[in-house]
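A short write-up of the structure that comes next.
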Amino acid sequence: MFRSRVLSVVRRIPAGRVATYGDVAATAGNARASRAVGNIMRDCRSHDVPCHRVVAAGGRLGGYGGNLELKRGLLRAEGVVVIGNAIRDFKTRRWVRATRTRHGDV
DNA sequence: CTGCTGACTGGTA
DNA sequence: GTACCAGCCAGCA
C-alpha cells in the first residue's frame, strides 16, 4: 500500500533533516503522488512518523493541520532553522533517501 | 465505477 | 514578491 510505504519513508527521515512531499512520494514509488502524500500525512497522527519533518517543495513548511507553529517549533528544536514559513538552507537540510548510502549522509 | 477532496508542484501573470 | 490555474495522485463517499 502506498500509504504504508510513505509512512515508512517519513519514518526514515533523520532528525534535523527534512524531506519534501515530492521526495517522500518518489521514495514511496510515485514522485507525482506528492499530493496524495500530503493527504496521507494528514491522517498520520502517530508519533511513529515524524510528519513534521515533511515539508513542501522549495523548503516551505507546507501545513500541519492548523498547528503550523507547532511543526515550526519541532523543526527548530531539531536544529532546523525556520524563517517565516520556509526553511533556511533548505537544499542542505533536505534529506534524500539513504537506501544505499552507507557512507553516512553528511 | 464516478466524483470530490487536499499537509502538493510547476508554470504563468 | 504574491495570486491564480492546470495537472497528478491516493483515499474515501
Members of the stretch A:40-86 that are among the hydrophobic types (A, V, I, L, M, F, W, C), closer than 20 Å to A:Arg11 by Cβ and surrounded by 13 or more Cβ atoms within 10 Å (Cβ to Cβ): A:Ile40, A:Met41, A:Cys44, A:Val49, A:Cys51, A:Val54, A:Val55, A:Ala56, A:Leu61, A:Leu74, A:Leu75, A:Val80
Residue check for A:Tyr21: free of Cβ contacts under 8 Å to residues at least 40 places away in the same chain and open to solvent by less than 80 Å² (accessible area, probe 1.4 Å): no
Taking A:Arg35 and the conditions (1) open to solvent by less than 70 Å² (accessible area, probe 1.4 Å); (2) in contact (Cβ under 8 Å) with a residue 12 or more places away in the chain, which numbered condition does it fall short on, given that it satisfies the others? (1)
Determine which single condition A:Gly29 fails, assuming it passes every other condition in (1) surrounded by 18 or more Cβ atoms within 10 Å (Cβ to Cβ); (2) within 8 Å of DNA strand C (Cβ to nearest atom). (1)
Yes or no: A:Tyr21 under 14 Å from the mean Cα position of the chain (by Cα) and within 15 Å of DNA strand C (Cβ to nearest atom)? yes
Scanning the stretch A:46-67 for residues that are within 14 Å of the chain's Cα centre (by Cα) and either within 11 Å of DNA strand C (Cβ to nearest atom) or farther than 19 Å from A:Gly16 by Cβ (or both) gives A:Ala57, A:Gly58, A:Gly59, A:Arg60, A:Gly63
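The values are calculated or read from the model by the stated rules, or taken from the named source; none is laboratory data. Note that the structure is predicted; figures quoted are calculated from it, not measured. Positions of Cβ are backbone-derived with ideal geometry, glycine not excepted, and every protein chain shown enters the neighbour counts. Ligands, DNA and RNA are stripped out before the accessible areas are found, and what is left, the full protein with its side chains, is counted by its heavy atoms. Shrake-Rupley method; radii C 1.70, N 1.55, O 1.52, S 1.80 Å.
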